[in-house]
1. What does the extension gain come out to for ILE252 and ARG46, with contour length at 0.36 nm per residue minus their alpha carbon separation?
2. What is the set of long-range amide H partners of THR144 at a cut-off below 5 Å, with H atoms built 1.01 Å from backbone N?
3. When the solvent-accessible surface of protein heavy atoms is calculated with a 1.4 angstrom probe, in what order do ARG229, ARG150, ARG113 fall, highest first?
4. Give the dimensionless ratio obtained when the Cα radius of gyration of the range 212-364 is divided by 2.2 N^0.38 Å.
5. Calculate one ³J(HN,Hα) per residue across the range 307-315 by plugging θ = phi - 60° into the Karplus curve 6.51 cos²θ - 1.76 cosθ + 1.60, and present them in order as whole Hz with x for glycine and proline.
6. May I ask you to work out the translational diffusion coefficient for the range 306-376 at 10 °C, viscosity 1.306 mPa s, via Stokes-Einstein with Rh from the Kirkwood sum over Cα pairs, reported in whole µm²/s?
7. Amide H neighbours of PHE121 under 5 Å, at least 5 residues apart or on other chains, H built in the peptide plane: list them.
8. Calculated FRET efficiency, ALA39 and ASP96, Cβ-Cβ r, R0 35 Å, to nearest 0.05?
Amino acid sequence: MSTPTRTATRYSVRAFEPDDREAFLSLYETVFGHDRSPAWFRWKFRENPFVDHIPILVATADGDPVGFRSFFAQQMRIGETVRTAFQPCDTMVHRDHRERGLFNRMNERAVERYTDGAPSFFFNFPNENSKPGNLAHGWREVGTVPAYYRPQNPVTALEDRGDSKSMAGTGDRRASDGGPTAAVANTLEDAIATSQRAGDRLFVDSDSDLELERYETPPADTLEAVYQRSIPAAIHTDRSAAFYRWRFDNPIHTYRASVARRDGDPVAALVVSNVGDHARIVDALPRAIDAESAALERLLATALEASADRSYVEAFGETVPSPLRFRFYPDTRLPLSALIRPTSRTLLARDLEDGLALESSSIDSWTFSRLDLDTT
C-alpha cells in the first residue's frame, strides 16, 4: 500500500486585497486577543488621509492569508519640510505558520515596494520579538523614549505589587469588608488623594490671565492653532486640523480636551483619554512645551484632579512639563521599576529616501507624545 505524498505548503507575499479584511480581523483577535470591528479597520487604514491605498502586505499559505504586515501612515515634520512616513503596526503571523521566515519575507517586500521614496521613511517602536527582524532589514536603533506613570494612590499601587508586576487592571480596589482595617485603608487613601491634589495646586502658577475650557470632543481647529504657535525643531508628527479630526475619530477610544486661553487666544491644550482603569495623557500643546509651561501646568493639574478616581495616569515622551514635580516617574527607575514592567520604547528608523539620514539621528532629534503611536 503506497504512502500518500505530502505536498509542501506554498508561501507567498502579496498586496492587500479588499476580501482580506475579514481574515485580518480574525487573525488580529487570535494573535492579540482584542476584537476589532470593521469600523476600526476602515478608520485606521481606509480613511487615513495620508495614504492613497491600504498599506498592508499579506503572507499566504496555499493562497490563504496567514500573516499581515501593516503600516500606519503619518505626515512627519522634519525641520521646515513635511514628509510622509509609515509606522509598522499590527504585524502578525498565525501560530501554525511561524518560524518559516514570513516576517522577513513581508519586510523584504515592504522595503522593495516603498523604496521609491513614498513614504520617505519607516519608524516604529518594535517589541523584542520583531526588533531583530527590523534590524536585519536596514532599520537602525535611534534611542529610547521614556514612559512615565503617576500612581493616583500609592496604597493601591502597593497592593497591586502583591498581585502582579503590572498596574493594569487594578480597577476600584477600595476595601469594602466593613471592618476596622478597611476603614483605616479607605481613610488613608482619601488622605493621600487629597494631599496629591493640594500638592498639584502648590506647583501651579496662578495666572489670572488664563481661562480654561473643557471639551468632550477635542476641537481640531483650535488644537492646530495652538500647535502652530510654537512648532519644535525636532522630528514629530505634523499636527493639522485634518490630522486631529481623523486621529480622534478612532472608534475604540474616547478623548477629552482642555484648552487654556489668554486674552481670548488659545495658548495651550491637553488631550486625555481613559483606558480601562487609568488615564492617559495623549497630547500636550504646544509641542515645544516649555513655550507655555505655566499654562500646561494649569491644564495638567486640572486633568489630574479630574482623574482622581483612576488608578494611575500615564504619559509618554514629551507631554508633561517637569514630570517629577508632578510625581510622574519613569518606569525604568525606582520606585516604579519595583512595581511594573518597563514600557519605555526603543525607536527604530529606516530611510527610504536618499539624503534623510534619520537612521543615524539621535533620540534628541525627535519628540513624541502618545498621539504619535498607532495604538493610541
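1. Gain on extension, ILE252 to ARG46, equals 72.6 nm.
2. Close amide H contacts, sequence-distant or interchain: LEU347.
3. Working: ARG229 125, ARG150 5, ARG113 85 Å².
Highest to lowest solvent-accessible surface, that is ARG229, ARG113, ARG150.
4. On the way: Rg = 16.4 Å, N = 153, 2.2 N^0.38 = 14.9 Å.
Computed over Cα atoms of the range 212-364, the ratio equals 1.11.
5. For the range 307-315, the Karplus-derived couplings read 9, 4, 8, 7, 5, 7, 10, 10, 9 Hz, x marking Gly and Pro.
6. Values: Rh = 14.7 Å.
Here the translational diffusion coefficient equals 108 µm²/s.
7. Under 5 Å from the amide H of PHE121 lie the amide H atoms of PHE86, LEU352, each far enough along the sequence or on another chain.
8. Working: r = 29 Å, r/R0 = 0.82.
My answer for the efficiency is 0.75.
The values are calculated or read from the model by the stated rules, or taken from the named source; none is laboratory data. Values in this document were obtained by computation on a predicted structure and should not be read as measured data. FYI the Cβ positions are ideal-geometry reconstructions off the backbone, even for glycines, and counts take in every protein chain you see. Quick note on the areas: whole protein, heavy atoms, side chains included, nothing else; ligands and nucleic acids left out. Shrake-Rupley method; radii C 1.70, N 1.55, O 1.52, S 1.80 Å.
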